[in-house]
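Here the structure is laid out as structure tokens; the discussion comes afterwards.
The values are calculated or read from the model by the stated rules, or taken from the named source; none is laboratory data. Bear in mind that the values here come from a model prediction, so they are computed numbers and not experimental data. Quick reminder, even Gly has a Cβ in these numbers, built from the backbone with ideal geometry, and neighbours come from all protein chains shown. SASA here: full protein model, heavy atoms, side chains in, ligands and nucleic acids out. Shrake-Rupley method; radii C 1.70, N 1.55, O 1.52, S 1.80 Å.
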Amino acid sequence: MAFSFAPTVSCGFSISAVETRSGAMSREYVFIVNPNGSNGNTGKEWKKLRPKLEAKFDKDYKIKEAFTSGPSHAMEIAKEAVRNGAHAVVAVGGDGTFNEVVNGFFDDGKPIEPENGGSSTKTALGLIPLGTGSDFARTFGWTKNANEVVNRLLKGQRQRIDVGYAKAEPENSGRYFVNVADVHLSAKAGSIAAHYKRFGNLCYVIGALQAFMGHRNLDMKIRVDDGEWKEAPQTTALFVGNGKYHGGGMKITPNAHPSTRDFEMVTFENFKWFDFLLKMHMLYNGTHTSLKEVCCERVHKVEIKEKLQPNSETTGKVVVQADGEYVGHLPATFTVIPAAVDLIV
Ligand SMILES: Nc1ncnc2c1ncn2[C@@H]1O[C@H](COP(=O)(O)OP(=O)(O)OP(=O)(O)O)[C@@H](O)[C@H]1O
């Protein structure tokens, strides 16, 4: 016999462990769904997927769903679920929703512990990749295929993965990330792309081309792993990869993986809009790392700031994002937190 879904809630979410007839504590899976992801397709796909999950999950599983009402809501729901000791919290949506759920595993710079303190297993993080880009899922080769999704969640195999922490101005605001954080052109492109999601993954190409309008490559300073500050002249964009893919399938940090305990940092120097168009195929297959304008380095921590004239202040114009979500502007620091979360793989 399969459990039916608990009633949908969108706020004031409360979760408690449930005892099964055998007396064992049930495993509570909390699905956090962004109904408006992928231009509304996430909600539609989730409706089709839900009965398949219900049919397969047996009585030892309790399944709850919660729909987000807007930005940041997924993070609040996830925090409450982790505090209540959920077995797994699964994001249903794109990289933005997934990022919010990841941020819900932490509070005040620390991983959240369950309130009852008694749970021996950590809450696992899960993903059903139903967004536009859904780039994080590509590193693991996951698709939107319903059978594949159900089997993966049912098996519940866990892998400890690294999480990144991005800190930027103003006010040293911070955000955790699991996929790719980036600076300057691509971060501008990401916010432009958000207005073109109806075009699917093409939105990221449109975003990049628009971002090149009025764009200036800038001299920056970079410090890796607390070493010497080095100059990065005429930087177009810089990527800090925990996962490989970004911008709807571009293999931007091709040697990154969330299990390596470090990041791959990829810097583009002096790239112009026509370079982007002519070499775009290389971004998709990950061969851009052989270009003379591209530098790659493995890092655990990287600090980035604008190279300024003596006594001048930051322009506040060099944008920083993490997993496609706005973080702030330079100066910024990106730090790897090794083996921070259990991911259902
Ligand atoms: N109910 C909601 N209505 C509108 N926006 C929402 C809602 N819930 C979450 N959001 C915001 O929508 C943003 C984008 O959602 P999501 O990442 O799920 O889809 P996507 O943008 O289509 O996919 P991708 O990021 O993979 O390209 C998230 O950053 C989140 O803040």
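Scoring His281 on the criteria (1) surrounded by fewer than 16 Cβ atoms within 10 Å (Cβ to Cβ); (2) more than 19 Å from Asn217 (Cα to Cα); (3) touching a strand residue (DSSP E or B) at 6+ places or on another chain (Cβ under 9 Å) leaves a single failure, condition (3). Hey, any hits in region 311-327 for a residue that's buried (at least 16 other Cβ atoms within 10 Å of the Cβ), assigned by TED's automatic domain parsing to the domain that holds Met220, part of a loop (DSSP other than H, G, I, E, B) and of a type in the set (D, E, K, R)? Scanning region 311-327, I find at least one residue that is buried (at least 16 other Cβ atoms within 10 Å of the Cβ), assigned by TED's automatic domain parsing to the domain that holds Met220, part of a loop (DSSP other than H, G, I, E, B) and of a type in the set (D, E, K, R), so the answer is yes. Taken over region 27-83, residues that are surrounded by 15 or more Cβ atoms within 10 Å (Cβ to Cβ), more than 16 Å from the ligand (Cβ to nearest atom) and of a type in the set (Lys, Arg) amount to 5. Note on region 189-209: residues that are in contact with a Phe, Trp or Tyr (Cβ under 9 Å, 6 or more places away or on another chain) and either away from the ligand (no atom under 16 Å from the Cβ) or of a type in the set (Phe, Trp, Tyr) (or both) amount to 3. For region 140-180, the set of residues classified as under 28 Å from Asp262 (Cβ atoms) and of a type in the set (Val, Ile, Thr) consists of Thr143, Ile161, Val163, Val178, Val180, listed by residue number.
Of the residues Asp182, Asp108, Asp162, only one is at positive phi and out of contact with any Leu (no Cβ under 6 Å at 6 or more places or on another chain); which? Step through it out loud before you land on a result.
Working: Asp182 fails: at positive phi; Asp162 fails: at positive phi.
From the options Asp182, Asp108, Asp162, the qualifying one is Asp108.
One line per residue, one yes/no per condition, for (1) on the phi < 0 side of the Ramachandran plot; (2) in a loop (DSSP other than H, G, I, E, B); (3) without any contact (Cβ under 8 Å) to a residue 40 or more places away in the chain:
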| site | (1), (2), (3) |
| --- | --- |
| Gly40 | no, no, yes |
| Lys52 | yes, no, no |
| Ile63 | yes, no, no |
| Ser69 | yes, yes, no |
| Ala74 | yes, no, no |
| Glu80 | yes, no, no |
| Val90 | yes, no, no |
| Val101 | yes, no, no |
| Pro114 | yes, yes, yes |
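Take region 222-255 and flag every residue that is hydrophobic (A, V, I, L, M, F, W, C) and more than 22 Å from Val205 (Cα to Cα). First the steps, then the outcome.
Residues of region 222-255 that are hydrophobic (A, V, I, L, M, F, W, C), as a first pass: 222, 224, 229, 232, 237-240, 250, 252.
Ile222, Val224, Trp229, Ala232, listed by residue number.
This table checks each residue for (1) assigned by TED's automatic domain parsing to the domain that holds Tyr61; (2) farther than 24 Å from Ile63 by Cβ; (3) β-branched (Val, Ile, Thr).
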position: Ala86; (1), (2), (3): yes, no, no
position: Thr97; (1), (2), (3): yes, no, yes
position: Asn103; (1), (2), (3): yes, no, no
position: Thr121; (1), (2), (3): yes, no, yes
position: Ala124; (1), (2), (3): yes, no, no
position: Leu130; (1), (2), (3): yes, no, no
position: Ser134; (1), (2), (3): yes, no, no
position: Arg138; (1), (2), (3): yes, yes, no
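Cβ separations smaller than 6 Å between residues 6+ apart or across chains give the following pairs from region 291-306 residues that are under 16 Å from Asn242 (Cα atoms) to residues that are open to solvent by 30 Å² or more (accessible area, probe 1.4 Å) and assigned to a loop (DSSP other than H, G, I, E, B): His300/Asp225; Lys301/Asp225. Restricting attention to region 151-183 and to residues that are at pLDDT below 95 and assigned to a strand (DSSP E or B), the residue that is most open to solvent (accessible area, probe 1.4 Å) turns out to be Glu169.
Annotation note: Cβ proximity below 8 Å between a residue of region 127-142 that is near the ligand (Cβ under 8 Å from one of its atoms) and assigned to a loop (DSSP other than H, G, I, E, B) and a residue that is modelled with pLDDT of 95 or more and among the acidic types (Asp, Glu) (sequence gap 6+ or interchain) occurs for Leu130/Glu45; Gly131/Asp95; Gly133/Asp95; Ser134/Asp95. Is one or more of the residues making up region 224-234 at pLDDT 95 or above, assigned to a helix (DSSP H, G or I) and open to solvent by less than 30 Å² (accessible area, probe 1.4 Å)? No.
When Ala86 is tested against (1) away from the ligand (no atom under 16 Å from the Cβ); (2) surrounded by fewer than 21 Cβ atoms within 10 Å (Cβ to Cβ); (3) assigned to a loop (DSSP other than H, G, I, E, B), just one condition goes unmet, and that condition is (2). Are any residues in region 290-340 in contact with a Pro (Cβ under 8 Å, 6 or more places away or on another chain) and among the hydrophobic types (A, V, I, L, M, F, W, C), and if so, which ones? Ile304, Ala340, listed by residue number.
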